[in-house]
Amino acid sequence: MTPTKLATIFSSVKDPRRDLLKLHTLNDILLISTLAVICGADTWKDIETFATSKEEFLHTFLELPNGIPKLDTYRRVFAAIDSQCFENCFIEWVNSFTTLNDKEVVAIDGKTIRGAKSHGKKSPIHMVSAWASEQNIVLGQVKTQEKSNEITAIPELLNILSLENTVVTIDAMGCQKEIATAIIKKDADYILAVKENQKNLYQNIQDEFRFGKNIASSTSQDIGHGRIETRVCSIATDFQFIKPVNKWENLTTVVKIESIREFKNSDKPTETATRYYISSLETSTEYFQKAIRSHWGIENKLHWILDVAFSEDASRKRIGNSAQNFSLITKIALNLLKNEKTAKQGVKGKRFKAALDNQYLLKIINL
C-alpha cells in the first residue's frame, strides 16, 4: 500500500528549493510530516524522531535517497513553501474525496495560534477555516495577520471553496453586505449572526420581532451535563422595518434565538441570552435551530481538538510560512483521522493506535 492520494496532491506543491540543495524529495518531506503528526508529533524534532524510528517502514513506500531528513530540513522547507499554493492543493485533495450534502452547514470562523507570538507581541498568525458540519472535515483555510482582518480573509476563502447548495454560517465579524453577496454568488445560502456592529440592522431586527406580524416560533430543549437548556427560535419573513434600501443580497428571513440555561444541583444563576441572525433561506424554525447549533461544531470539533489533541495553541512555529503550512498538515491529519471509521475511539486514541500499528497508519492515509 502507498499513500497515493496524498502523494498526488503533494506532487502539485511547488518545491521552493534550488536543485543543488535537494537531498530529499519534497514528497518525502511532506508525507513523513503528515504521518508523524497523525502519530502524535508536534515539533520538528518530533518528526525527525518519528522518521528515524520508522525508517525501515518508510523505506517500503518512500524514495529517501539520502536517508531520513534532519529537523532543520523540515523547518526550512515549511518556512519556504508557497502557502497559497499549498492551500490550493489542500482544497483539491479535500474535493477528491468529499461530496457535501444538500443544505449542509459550512461554518466559517477564525482561530489565533497564540504560541506564535514573539517578544511579548500578539500572535501574528490567525487562521480562518471552513468546516463541513456533517462531513466533519476542514474544507480550507486562509491566513490573516490579525482577527480584525477576518472581514477581508473570508471572501478569499469563499472564493476558493466549492459551496453549491450549502448553507454558510458566520459569526458577527462576517456580517457584511459584501460577504453575503459573495456567498450568493457561490450558489449557496447564508445565516449570519448580527450584533451591534451593524447598529441599524440590529435595531431593525429587534423592531421586527417587537412589532411585526406573522412571527413563527418553535421550542427545543436539551437536558444533560447537569443543566437544562431551552431555546426558542422565532423567524420573520414579512418585513416591516427592514427596508430594501439595506441591500443585503437575497435577505429573506430574520431569526431570533432566545436561550435559557438552568443548572441542576448548582447555585449557579440561570443564564439567558438573545441572539439575532439574517438569512437568505426561507425554511422552518426547526432547520434554523439545527443549522445555528451546527455552527458551533467548528469550535468544538475543530478548534478545541486542534488545541487539545494537536497542541496547536502552544506551537512556536513562526518563521516564514511555517505556521500556516504546518497548520495545513495538522488539518490533513485531522481530516484523515476523523474519516477513519473502523476504530471506535476518539482522535487521541486513533493517533496512539497509528503510532503503534503501521498497517493501521497506512489505512488512515489511504482513505
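The values are calculated or read from the model by the stated rules, or taken from the named source; none is laboratory data. All figures in this text were calculated on a predicted structure; none of them were measured in a lab. A quick note on method: Cβ atoms are made from the backbone with ideal geometry, for glycine too, and the neighbour counts reach across all protein chains shown. Each accessible area value is taken on the protein alone, full model and side chains, heavy atoms only, with ligands, DNA and RNA left out. Shrake-Rupley method; radii C 1.70, N 1.55, O 1.52, S 1.80 Å.
Among residues of the stretch 251-268 that are under 16 Å from L192 (Cα atoms) and free of Cβ contacts under 8 Å to residues at least 40 places away in the same chain, those with a Cβ under 8 angstrom from a residue that is in a loop (DSSP other than H, G, I, E, B) and open to solvent by 30 Å² or more (accessible area, probe 1.4 Å), sequence gap 6+ or separate chain, pair up as T252/T237; T252/E282; T253/T237; T253/E282; T253/T283. Looking across the stretch 93-108 at every residue that is in a helix (DSSP H, G or I) and within 16 Å of the chain's Cα centre (by Cα), the one that is surrounded by the most Cβ atoms within 10 Å (Cβ to Cβ) is identified as V94.
Can we say K111 is open to solvent by 50 Å² or more (accessible area, probe 1.4 Å) and either assigned to a helix (DSSP H, G or I) or closer than 30 Å to G174 by Cα (or both)?
Values: open to solvent by 50 Å² or more (accessible area, probe 1.4 Å): no; either assigned to a helix (DSSP H, G or I) or closer than 30 Å to G174 by Cα (or both): yes.
It is false that K111 is open to solvent by 50 Å² or more (accessible area, probe 1.4 Å) and either assigned to a helix (DSSP H, G or I) or closer than 30 Å to G174 by Cα (or both).
For beta carbons closer than 8 Å, sequence separation of 6+ or different chains, a first residue in the stretch 92-109 that is more than 15 Å from L157 (Cβ to Cβ) and touching a residue at least 60 places away in the same chain (Cβ under 8 Å) and a second that is assigned to a strand (DSSP E or B) and open to solvent by 20 Å² or more (accessible area, probe 1.4 Å), the qualifying pairs are K103/D189.
Out of curiosity, is I257 within 21 Å of G110 (Cα to Cα) and among the β-branched types (V, I, T)? Taking the combined requirement at face value, the residue does not satisfy it. The set of residues from the stretch 282-301 being surrounded by fewer than 20 Cβ atoms within 10 Å (Cβ to Cβ) and not in a helix (DSSP H, G or I) comprises E282, T283, S284, W296. Among the residues of the stretch 196-236, the one identified as among the basic types (K, R), within 22 Å of I260 (Cα to Cα) and free of Cβ contacts under 8 Å to residues at least 24 places away in the same chain is R210.
Consider K45 carefully, then state whether it is more than 15 Å from C89 (Cβ to Cβ), surrounded by 15 or more Cβ atoms within 10 Å (Cβ to Cβ) and of a type in the set (D, E, K, R). Judged against the criteria, K45 is not a match. Residues to consider are S220, S234; find the one that is assigned to a strand (DSSP E or B), within 25 Å of W131 (Cα to Cα) and touching a strand residue (DSSP E or B) at 6+ places or on another chain (Cβ under 8 Å). After ruling out the rest, the residue left standing is S220.
The residues of the stretch 40-68 that are within 22 Å of S315 (Cβ to Cβ) and of a type outside the set (S, T, N, Q), listed by number, are G40, A41, D42, W44, K45, D46, I47, E48, F50, A51.
Only a single criterion out of (1) at pLDDT 85 or above; (2) open to solvent by less than 70 Å² (accessible area, probe 1.4 Å); (3) under 20 Å from L334 (Cα atoms); (4) not aromatic (F, W, Y) is not satisfied by N88, namely (2). Evaluate the stretch 61-70: report whether one residue or more is within 22 Å of S311 (Cβ to Cβ), modelled with pLDDT of 95 or more, among the aliphatic types (A, V, I, L, M) and touching a helix residue (DSSP H, G or I) at 6+ places or on another chain (Cβ under 6 Å). No.
Just wondering, is there one or more residues in the stretch 313-330 that are open to solvent by less than 20 Å² (accessible area, probe 1.4 Å) and β-branched (V, I, T)? Yes, the stretch 313-330 has at least one match.
Mind checking whether some residue in the stretch 255-265 is among the basic types (K, R), modelled with pLDDT under 90 and in contact with a helix residue (DSSP H, G or I) (Cβ under 9 Å, 6 or more places away or on another chain)? Don't jump to the end; show me each part of the working.
Quick first cut of the stretch 255-265, residues among the basic types (K, R) only: 256, 261, 264.
With modelled with pLDDT under 90 added as a condition, the list becomes 261, 264.
Remaining after also requiring in contact with a helix residue (DSSP H, G or I) (Cβ under 9 Å, 6 or more places away or on another chain): none.
No: the stretch 255-265 contains no residue that is among the basic types (K, R), modelled with pLDDT under 90 and in contact with a helix residue (DSSP H, G or I) (Cβ under 9 Å, 6 or more places away or on another chain).
Does N66 fit the bill of being of a type in the set (S, T, N, Q), open to solvent by 20 Å² or more (accessible area, probe 1.4 Å) and closer than 27 Å to A130 by Cβ?
No.
Within the stretch 1-23, residues that are farther than 20 Å from K70 by Cβ and at pLDDT 85 or above reach partners that are open to solvent by 50 Å² or more (accessible area, probe 1.4 Å) and outside any helix (DSSP H, G or I) with beta carbons closer than 6 Å, at six or more positions or on different chains, in the pairs K14/D82.
Within this structure, T272 passes the test of being among the polar types (S, T, N, Q) and without any contact (Cβ under 8 Å) to a residue 60 or more places away in the chain.
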